[in-house]
1. Limited to region 269-288, what total is found for residues that are touching a Gly at 6+ places or on another chain (Cβ under 8 Å) and modelled with pLDDT under 85?
2. Could you list, ordered by first residue, the pairs with Cβ atoms under 9 Å in which the first is in region 109-122 and within 12 Å of I68 (Cα to Cα) and the second is of a type in the set (K, R) and open to solvent by less than 10 Å² (accessible area, probe 1.4 Å), at least 6 apart or interchain?
3. Has region 34-42 got at least one residue that is loosely packed, with under 14 Cβ neighbours inside 10 Å and at pLDDT 90 or above?
4. Condition check: surrounded by 15 or more Cβ atoms within 10 Å (Cβ to Cβ), under 19 Å from the mean Cα position of the chain (by Cα) and either of a type outside the set (S, T, Y) or modelled with pLDDT of 90 or more (or both). Does P224 satisfy that?
5. G317 versus (1) surrounded by 15 or more Cβ atoms within 10 Å (Cβ to Cβ); (2) under 24 Å from D86 (Cα atoms); (3) small (G, A, S): which is the lone unmet condition?
6. For region 209-221, indicate whether the set of residues that are assigned to a loop (DSSP other than H, G, I, E, B) and at pLDDT below 80 is non-empty.
7. Collect the residues in region 69-101 that are in a strand (DSSP E or B) and in contact (Cβ under 8 Å) with a residue 60 or more places away in the chain, keeping them in residue-number order.
8. For region 110-150, what are the residues that are acidic (D, E) and in contact with a Lys or Arg (Cβ under 9 Å, 6 or more places away or on another chain)?
Amino acid sequence: MFVSCTGGKHGELPEFPVDRNQDYSLPLSEIIEDITVIEPELTDESLIGYGYGGTGICRMIRTENNIIVVMGGLGSPNTVLLFKQDGKFIQSVGSKGQGPGEYNFITNATCDEANRHLFILTDRPFKIICYDLDGKFVKESLLNTNGVYYDINYNNIELYLECLSMDGKISKRILYRLNNNLQVMDSIVCWENYYEQFIDMHRFPDYIVKNGTSMYFLPKEYYPKFFAPSVKVLRDTLYRIENHRLVPDFKLKFKDDGMDLYGDKVIGLLNLYRSSRYIFANYEYNPDNREINKEQTAKYSFCYDTKTGKSYNMLDGYTDDIHGIEKRIEIRPLTSDSEYFYYWYTHMNPDDPEEPNPTLYIGKLKK
């Protein structure tokens, strides 16, 4: 079923201005109520490895009893590790291969804790694999091969799946709704484009995030050199999923709408999500986007406090003033509950015989 994406005019939406020239690294102590530190046990089977562009962690999931570390992407181990809350390693989930319950390339994951189901989104082949929380294979469903799948999230008895579908020279950004049997119930087509070439530079696909009982969705954009957009959603806007429709919630306002003098997009919104109190975003600035020069690309984080009205724009991320981490860190939402976020950092001592697993941090946001 096709469902259109409609909303009001820009002026009817709350807008939050972003000043790219500001660089204030927000201390985590200003926004968190509590933080949990987890030291994952390092064994031959529980190594949290690295991939292209940094760590191989594509998703971290917290259940009542366990921590699930999902590694995916280019060069990463592409595996799923199950730890206890204290960091003790339990087991890996699934195995490499082409058969039922097997995978080669992991894209993302989500969890239905009530029914003890873990859903893994995979590439090569495209499919959703379901395991129980003891790591036992339950079922799987093959996906259409004319697409690239980035994000998946679970809400009540439904799965939401985000896809860039490619058919000939036409690309479509689609949000699918699936039932518990992994069957497609309906879809939302967000935009259609003519394209010559495909590119995606961001390794953290946090596009479908749950906040309380509401689901939010950010329709991902790409560089205009490769696309002539026919957009059905508002740019730089976060949407609520209500009755299987996308309803504009708020938008970010960049100077000149993030465009340069030639009308090319120089600011690319990577992530946008909210908790009950805060609005978070990650974006990149590339003054020469026509060449996609990574060396010229600067990455920023943005936080707006709806309680105080203060906004913070940060080059390269936040400051962990609680644990004394010198390097700025990038936080990510627990997509099952955006009142929590997580990040990781590898503490390497000079006398360590080998590099340890990264330390995992889960922060609870103030309300």
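The values are calculated or read from the model by the stated rules, or taken from the named source; none is laboratory data. As the structure is a computational prediction, the values presented were derived from the model and not from experiment. Counting neighbours? That spans all protein chains shown, and the Cβs are built from the backbone with ideal geometry, glycine included. Each accessible area value is taken on the protein alone, full model and side chains, heavy atoms only, with ligands, DNA and RNA left out. Shrake-Rupley method; radii C 1.70, N 1.55, O 1.52, S 1.80 Å.
1. Residues that pass the stated criteria total 1.
2. If the second residue must be of a type in the set (K, R) and open to solvent by less than 10 Å² (accessible area, probe 1.4 Å), the pairs left are A109/R59; T110/R59; I120/K127.
3. Taking region 34-42 first, the residues loosely packed, with under 14 Cβ neighbours inside 10 Å are 34, 37.
Cutting the leftovers down to at pLDDT 90 or above gives us 34, 37.
Yes: one or more hits.
4. No.
5. It is condition (2) that G317 fails.
6. We begin by selecting, within region 209-221, every residue assigned to a loop (DSSP other than H, G, I, E, B); these are 212-213, 218-221.
From what is left, the residues that are at pLDDT below 80 are 220-221.
Yes, because at least one residue in region 209-221 is assigned to a loop (DSSP other than H, G, I, E, B) and at pLDDT below 80.
7. V69
8. Passing the criteria: D132, D134, E140.
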